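K.L.:
Could you have a look at this structure, given as structure tokens, before my questions?
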Amino acid sequence: IAPADTIETIPALARAYAKGVHIVNIANQIDPTALQAAALAPIPFVSVDNQAGGFLAGQYLASKLSAPAKALIIEGPRSANNAIQRRDGAHQALRESGRVEVVASEEAHWRLEQAYALVKQVHAEHPDLQLVFAANDMMALGAVLYAQEHQLSHWLIGGYDNIPDAQAAITSGWLKVTIDQQAHHQGYLGLSTVVDLIEGKPVEELVLVDVRVMTQ
């Protein structure tokens with residue numbers, strides 16, 4: 001399971017457990033405290049260090065600045081741990097750069113059109129906005145679309161996931177960086193963990209896959 005929500009999924013998981021179903025969690029971690037409250041055992045988790053990924057993207061964007069700049073962080077749902085971690089990592093990197101002021105950090109729920117609307121709103125409030133980090137590529141592409149429509153080629157925009165459309169945007173120069181979380185490898189390790197559970201073998205509770213910083 002790669003849940004969109006890290007708490008609301010738990011009742012369904014409890015029903016699966018009751019039927020003897022083996023569960024492995026990839027990408028976005030089910031909330032451990034909520035699992036414990038539901039009297040469920042920890043679920044093996046395969047993912048990346050999302051906070052480190054967000055930090056690396058934010059650090060790369062900040063390194064491209066030639067002067068102090070204002071920034072927007074486009075968040076995923078605050079009910080999703082991976083969204084929180086990516087936001088926090090990027091915010092830390094921008095803060096530590098000493099040259100970036102984060103003027104807004106708001107949710108766009110992983111959606112391109114919501115991100116576009118958010119960028120439009122924040123740019124109206126801060127015409128000197130120059131840097132945007134989005135916690136996934138779809139939201140980053142919403143920022144790219146806005147920048148293209150308004151000829152803002154100087155903007156520094158970063159995303160997360162390395163989806164094909166983001167790769168094309170990096171090639172064209174509109175997207176400066178994205179983070180590849182090697183989802184195929186996460187899926188492979190998740191399924192191999194399921195096989196080990198079925199065969200009664202011991203498994204690790206946490207397996208982290210390395211992220212890769214993708215730039216032009």
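The values are calculated or read from the model by the stated rules, or taken from the named source; none is laboratory data. The shown structure was predicted, so the numbers you read here are calculated from the model rather than taken from an experiment. Cβ: placed from backbone, ideal geometry, glycine included. Neighbour counts: every protein chain shown. Areas reflect the complete protein model, heavy atoms only, side chains present, ligands, DNA and RNA absent. Shrake-Rupley method; radii C 1.70, N 1.55, O 1.52, S 1.80 Å.
K.L.:
Hey, could you check the stretch 12-62 for residues that are assigned to a strand (DSSP E or B) and not aliphatic (A, V, I, L, M) and say which is surrounded by the fewest Cβ atoms within 10 Å (Cβ to Cβ)?
P.N.:
Phe45
K.L.:
Can Val144 be described as free of Cβ contacts under 8 Å to residues at least 40 places away in the same chain and open to solvent by less than 40 Å² (accessible area, probe 1.4 Å)?
P.N.:
Answer is yes for this residue.
K.L.:
Could you check, for the stretch 54-67, whether at least one of its residues is of a type in the set (S, T, N, Q) and within 17 Å of the chain's Cα centre (by Cα)?
P.N.:
yes
K.L.:
Looking at (1) open to solvent by 80 Å² or more (accessible area, probe 1.4 Å); (2) assigned to a helix (DSSP H, G or I); (3) modelled with pLDDT of 95 or more, can you tell me which one His184 breaks?
P.N.:
Among (1) open to solvent by 80 Å² or more (accessible area, probe 1.4 Å); (2) assigned to a helix (DSSP H, G or I); (3) modelled with pLDDT of 95 or more, His184 violates only (3).
K.L.:
Another one. Going by the structure shown, is Arg86 under 30 Å from Gln121 (Cβ atoms), assigned to a helix (DSSP H, G or I), at pLDDT 95 or above and open to solvent by less than 20 Å² (accessible area, probe 1.4 Å)?
P.N.:
Yes; evaluated as a whole, the condition is true for this residue.
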